[in-house]
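Beneath this line is the structure, given in structure tokens, with notes to follow.
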């Protein structure tokens, strides 16, 4: 059986065709996400859903021409963000991405919009969460009059492919936009009404894999959250693995078959069926390294030299400083944290012997690894088992041997990286196969 998975990411759109029986990737295609919309508001982060729709359809068309025997299509995309649809399922707004900052604007002299939403609902949320965005829009007259539904970009593509008009949302995406009750598996309507939000604008929720319709007679599965898709695609032993992902941001995740009874400084996200992912996310993972690369490239331009990519040079320099006698200690919270967006990074332990490009590069890489390892220690306190494997994914990790070494060193475990690079697209192809299997069996599929 051939399965196709497509991932509508923040900076790129990727798709794979896999042989679901052997697990082999037969085709992989990645294009840049050119859907960004310029805004006069520096805090606003929006993309064009029509551009994303058209680019996705072209990508699907190219792969289906090459592999006409594809049996099922799986969908995933950037979580947390939302767009508004009219009653016919057409977008009537831009996609408000997970990077949107309106939740950090001042609600009054004493609090911000994201905090006010949390106060009213009782749910811990942050700027970029879809319902925080909607809360701001609602109280500032920015919700389109035609808006009938809220959904994620993956849900919208599902409607485009199947011709349906009303979205259904998997719990993995629902939990990412806020005010989601993990115990019941549904949005908390009372909490939303307390914030002034009418729950009727929200889609129906399911925790199981489902087939929602067909595209060119090919079954299409319900969209899965990109974090859950990446975990599913990267980890061979879900119950026994720690999964780290370094892309624009970074995450560390561990599977739990039960809902933790005690709170911790981490997120609990629905996985599939009755499992959960215990996770912590850093806003600046690979982006911290990208900021440093831009720093060196700007110097090159100012010196009249070609402004070429500096990543190759940076990795060579970092290798010289893998075991420095006196390292630079770099906190890579350049974009703050979910709970404290105003927090900034720092560089400590500067001396005449280590204030060098190689020590700075190695310090940033070590800071990325240290931040995720510290987050994992907070999760580990709530685990009933000891993971045996460390699995890594994401372009920021896959392309950097020094960072791989540092993660392995921090966790004291060998780092395993899957042979295929588009883990989320791969994972959602597997998810779609399970949804199709459940349909064939006359019931819900489980993983």
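Descriptive notes on the structure:
- Qualifying residue in region 405-413 (condition: loosely packed, with under 14 Cβ neighbours inside 10 Å, modelled with pLDDT under 95, closer than 30 Å to residue 30 by Cβ and in contact with a helix residue (DSSP H, G or I) (Cβ under 8 Å, 6 or more places away or on another chain)): no
- Taking first residues from region 88-102 that are on the phi > 0 side of the Ramachandran plot and touching a residue at least 12 places away in the same chain (Cβ under 8 Å) and partners that are surrounded by fewer than 23 Cβ atoms within 10 Å (Cβ to Cβ) and part of a loop (DSSP other than H, G, I, E, B), the Cβ contacts under 8 Å between residues at least 6 apart in sequence or on separate chains come to 89/164; 89/165; 89/166.
- Screening region 81-98 for residues that are modelled with pLDDT of 95 or more and within 21 Å of residue 249 (Cα to Cα) and picking the one that is surrounded by the most Cβ atoms within 10 Å (Cβ to Cβ) gives 82.
- The residue list 56, 39 contains one member that is surrounded by fewer than 17 Cβ atoms within 10 Å (Cβ to Cβ), outside any strand (DSSP E or B) and touching a strand residue (DSSP E or B) at 6+ places or on another chain (Cβ under 7 Å), which is 39.
- Within region 211-227, considering residues that are touching a strand residue (DSSP E or B) at 6+ places or on another chain (Cβ under 7 Å) and assigned to a loop (DSSP other than H, G, I, E, B), the one surrounded by the most Cβ atoms within 10 Å (Cβ to Cβ): 223
- Hits in region 372-398 (condition: buried (at least 16 other Cβ atoms within 10 Å of the Cβ) and assigned to a loop (DSSP other than H, G, I, E, B)): 382, 387, 394
- Here region 291-337 is the region considered, the condition is being under 25 Å from the mean Cα position of the chain (by Cα) and part of a helix (DSSP H, G or I), and the residue that is surrounded by the most Cβ atoms within 10 Å (Cβ to Cβ) is 292.
- Matching residues, region 160-184, being surrounded by fewer than 17 Cβ atoms within 10 Å (Cβ to Cβ) and within 12 Å of residue 268 (Cα to Cα): 181, 182, 183
- Where residue 265 falls short, out of the listed (1) in contact with a strand residue (DSSP E or B) (Cβ under 8 Å, 6 or more places away or on another chain); (2) under 21 Å from residue 374 (Cα atoms); (3) surrounded by 14 or more Cβ atoms within 10 Å (Cβ to Cβ); (4) in contact (Cβ under 8 Å) with a residue 24 or more places away in the chain: (3)
- Residue list for region 18-35, restricted to those being more than 17 Å from the chain's Cα centre (by Cα) and without any contact (Cβ under 8 Å) to a residue 60 or more places away in the chain: 19, 21, 22, 23, 24, 26, 27, 29, 31, 34
- Subset of region 26-55 (residues that are in contact with a helix residue (DSSP H, G or I) (Cβ under 7 Å, 6 or more places away or on another chain) and closer than 23 Å to residue 234 by Cα): 27, 29, 31
- A single entry from 199, 260 fulfils the requirement of being surrounded by fewer than 24 Cβ atoms within 10 Å (Cβ to Cβ) and out of contact with any helix residue (DSSP H, G or I) (no Cβ under 7 Å at 6 or more places or on another chain): 260.
- Condition met for residue 78 (at pLDDT below 95, closer than 19 Å to residue 335 by Cβ and either in contact with a strand residue (DSSP E or B) (Cβ under 7 Å, 6 or more places away or on another chain) or surrounded by fewer than 22 Cβ atoms within 10 Å (Cβ to Cβ) (or both)): yes
- Residues satisfying the stated conditions in region 355-371, i.e. more than 21 Å from residue 249 (Cα to Cα) and crowded, with 19+ Cβ neighbours inside 10 Å: 359
- Any hit, region 145-153, residues being under 20 Å from residue 6 (Cα atoms) and outside any helix (DSSP H, G or I): yes
- Taken over region 101-124, the residue count meeting the criterion of being closer than 24 Å to residue 39 by Cα and either in contact with a strand residue (DSSP E or B) (Cβ under 9 Å, 6 or more places away or on another chain) or assigned to a loop (DSSP other than H, G, I, E, B) (or both) is 10.
- Pick from region 99-125, criterion under 19 Å from the mean Cα position of the chain (by Cα) and buried (at least 24 other Cβ atoms within 10 Å of the Cβ), ranking: nearest to residue 199 (Cα to Cα): 103
- Residue that is surrounded by the fewest Cβ atoms within 10 Å (Cβ to Cβ) [pool: residues in region 1-27 that are closer than 18 Å to residue 226 by Cα and at pLDDT below 95]: 11
- Meets criteria (without any contact (Cβ under 8 Å) to a residue 40 or more places away in the chain, surrounded by fewer than 19 Cβ atoms within 10 Å (Cβ to Cβ), more than 29 Å from residue 419 (Cβ to Cβ) and over 25 Å from the mean Cα position of the chain (by Cα)) for residue 340: no
- Check on residue 230, at pLDDT below 95 and either surrounded by fewer than 24 Cβ atoms within 10 Å (Cβ to Cβ) or part of a helix (DSSP H, G or I) (or both): yes
The values are calculated or read from the model by the stated rules, or taken from the named source; none is laboratory data. Not measured: the values here are computed from a predicted model. Methodologically, a virtual Cβ is constructed for each residue, glycine included, from the backbone with ideal geometry; neighbour enumeration extends over all protein chains shown.
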